[in-house]
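Scroll down for the structure; my scribbles are underneath it.
The values are calculated or read from the model by the stated rules, or taken from the named source; none is laboratory data. Keep in mind that this is a model prediction, so the values were computed, not measured. Neighbour counts run over all protein chains shown; Cβ positions are idealised from the backbone, glycine included. These accessible areas exclude ligands, DNA and RNA; they are computed on the full protein's heavy atoms, side chains included. Shrake-Rupley method; radii C 1.70, N 1.55, O 1.52, S 1.80 Å.
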Amino acid sequence: MWKRFLRPFSGYINKMLPEVVFVLGAPGAGKGTQCSFISKEFGFVHLSAGDLLREERQRPGSEYGEMIEEKIRNGEIVPVEVTCSLIHKAMQKSGKTRFLIDGFPRNKDNLDGWERVMSDKTKLLFVLFFECCRDLCTERCLGRGAAGSGRSDDNLDSLQKRFNTYLNATMPIIEHYERKGLVHRVKAESAPDVVFEDVKKLFNKLDRIDN
Ligand code: UDP
Ligand code: MG
């Protein structure tokens, strides 16, 4: 009844909802780098699920700190209640309306949790999927580790586990969105500015708004 009544306004209501782009790809595919470019050029707020978890891990008094560290080191995925609530809070705190959610949803638990709590509160624009071969991804993460990323998971042992999780748990999520026609693939093996040329084409198609 309400739905039928509201249908004529749905375009308007949709416009009011915060808009989200999920950014996925293997570890080291370049999600964070491209998100920072997109954020500068198109005004999206960049929320990295991994960074939010690392911040929560460092927060004095966090009841999740140890669990998060263990999951990150083992390339496993933190329960969605924790991650989704960090994302939701960061969205609210920003006061903005357009978001890049980097590195999420990574498994079925993430997807279900997001749908339960956030899918009515947001509009998913599309899923940006960076494709990069495993060897190059590994080289980039190890390079990042050697250059002092300070990340406890930029080492060969953790990377192997992260790749397994990516293949077994995250790829099915990308396939899920692909069946819905929501995935835009971008080849991510070139230099960052070259990859960004393709990324730009996708974001140029969106209406410009002040975010
Ligand atoms: N992580 C998680 N849930 C998320 C995002 C990240 O549990 O939604 C954890 C997971 O252990 C992952 C780690 O954080 O391996 C690092 O994620 P990040 O996105 O920073 O890594 P990237 O893919 O960018 O290299
Ligand atoms: Mg990242």
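A protection proxy built from the mean count of other Cβ atoms within 10 Å ranks the segments 57-66, 180-189, most packed first, as 180-189, 57-66.
Its residue count N sets the reference 2.2 N^0.38 Å, and the alpha-carbon radius of gyration of segment 37-133 equals 1.10 times that reference. Computed over protein heavy atoms with a 1.4 Å probe, the carbon and sulfur contribution to the accessible area of the chain reaches 52%. Once the dipole of the chain is set up with Lys and Arg at +1 and Asp and Glu at -1 on Cβ about the Cα centre, which of S152, F37, Y64 lies farthest towards its positive end? Checked the options; the winner is F37.
Summary of the geometry: segment 67-88 and segment 112-188, compared by the centres of their Cα atoms, lie 14 Å apart.
For S158, S149, give the ranking by accessible area with the largest first, probe 1.4 Å.
From most accessible down to least: S149, S158.
Near L156, once Lys and Arg are set to +1 and Asp and Glu to -1 for all other residues with Cβ below 15 Å from its Cβ, the sum equals +2. Placing +1 on the Cβ of every Lys and Arg and -1 on the Cβ of every Asp and Glu, with nothing else charged, gives segment 99-211 a dipole about its Cα centre of roughly 220 debye.
Considering only Y166, T122, I101, the residue lying farthest towards the positive end of the dipole of segment 96-180 is T122, judged by Cα position with unit charges set on Cβ.
Toward the positive end of the charge dipole of segment 20-150, with +1 on the Cβ of Lys and Arg and -1 on the Cβ of Asp and Glu, the farthest Cα among V82, G50, V23 is that of V23. Between K89 and E139, the contour length at 0.36 nm per residue exceeds the alpha carbon distance by 14.6 nm. For the chain, the Kirkwood radius over C-alpha pairs fed into Stokes-Einstein at 25 °C and 0.890 mPa s yields D = 137 µm² per second. Only the Cβ atoms of Lys and Arg (+1) and of Asp and Glu (-1) were treated as charged; on that basis the dipole of the chain about its Cα centre amounts to roughly 900 debye.
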